[in-house]
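As structure tokens, the structure follows; a few thoughts come after it.
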Amino acid sequence: KQESPRTARDDSKDLAMCRILLAELESHQDAGPFLTPVNPKSVPGYRKIIKKPMDFSTIRDKLTNSQYLNLETFIIDVNLVFDNCEKFNEDNSVIGRAGHTMRRFFQRRWTELLRQN
Ligand SMILES: Cn1cc(C(=O)NCCN2CCCC2)ccc1=O
């Protein structure tokens, strides 16, 4: 069986891609609930239910401080925002729907940018 030679993908544009993706998430019209950390004092139950809070401003800080090893660890944190949202909010709610919309947008955009690379 002829194996396909394993070639690494070119990751030299990944940091630029993360910056583009994060800027687009932050400026999305439905980004509001995800821009800053959920305040556990004003959202009853959040601290107990959501074990690993994440939001776009925290991702921005981590990106600025070179805390993402690679594209994958960045995508994991963005998806954590949307997974937390799905866990805590009804699908049929303003914030629940915003989470689904933002997740679909992010999924499409990073796959588009990866393809053009
Ligand atoms: C992601 N998420 C966010 C909240 C929330 O209340 N965020 C603050 C709401 N902002 C205050 C002014 C505009 C938006 C609650 C549950 C939840 O899962």
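The values are calculated or read from the model by the stated rules, or taken from the named source; none is laboratory data. Everything numeric in this text was worked out from a predicted model, so none of it was measured. FYI the Cβ positions are ideal-geometry reconstructions off the backbone, even for glycines, and counts take in every protein chain you see. Remember, those area values only see protein heavy atoms, side chains included, never the ligands or the DNA or RNA. Shrake-Rupley method; radii C 1.70, N 1.55, O 1.52, S 1.80 Å.
Brief remarks on what is shown
- Total lysine pairs in the chain at Cα distances under 18 Å, for residues eight or more apart or on different chains: 7.
- Of the residues Glu86, Glu3, the one with the largest accessible area comes first in the ranking Glu3, Glu86, computed with a 1.4 Å probe on protein heavy atoms.
- Computed from backbone phi with θ = phi - 60° and the Karplus coefficients 6.51, -1.76 and 1.60, the 3J(HN,Hα) list for segment 42-54 is 9, 10, x, x, 4, 4, 6, 7, 9, 6, 10, x, 7 Hz; x is used for glycine and proline.
- A simple count of charges around Thr111, restricted to other residues whose Cβ falls under 13 Å of its Cβ and scoring Lys, Arg +1 and Asp, Glu -1, yields +4.
- Sites Thr101 and Thr7 - FRET efficiency at Förster radius 35 Å, r taken between beta-carbons, to 0.05: 0.45
- Heavy-atom SASA rank of Val43, Val81 (probe 1.4 Å, accessible area, largest first): Val43, Val81
- Between Glu112 and Ile75, residue separation times 0.36 nm minus the direct Cα-Cα distance comes to 11.9 nm.
- Surface accessible to a 1.4 Å probe, Arg104 within the full protein complex, Å²: 150
- Taking the Cα centre of the chain as origin and assigning +1 to Lys and Arg Cβ atoms and -1 to Asp and Glu Cβ atoms, the resulting dipole is close to 220 debye.
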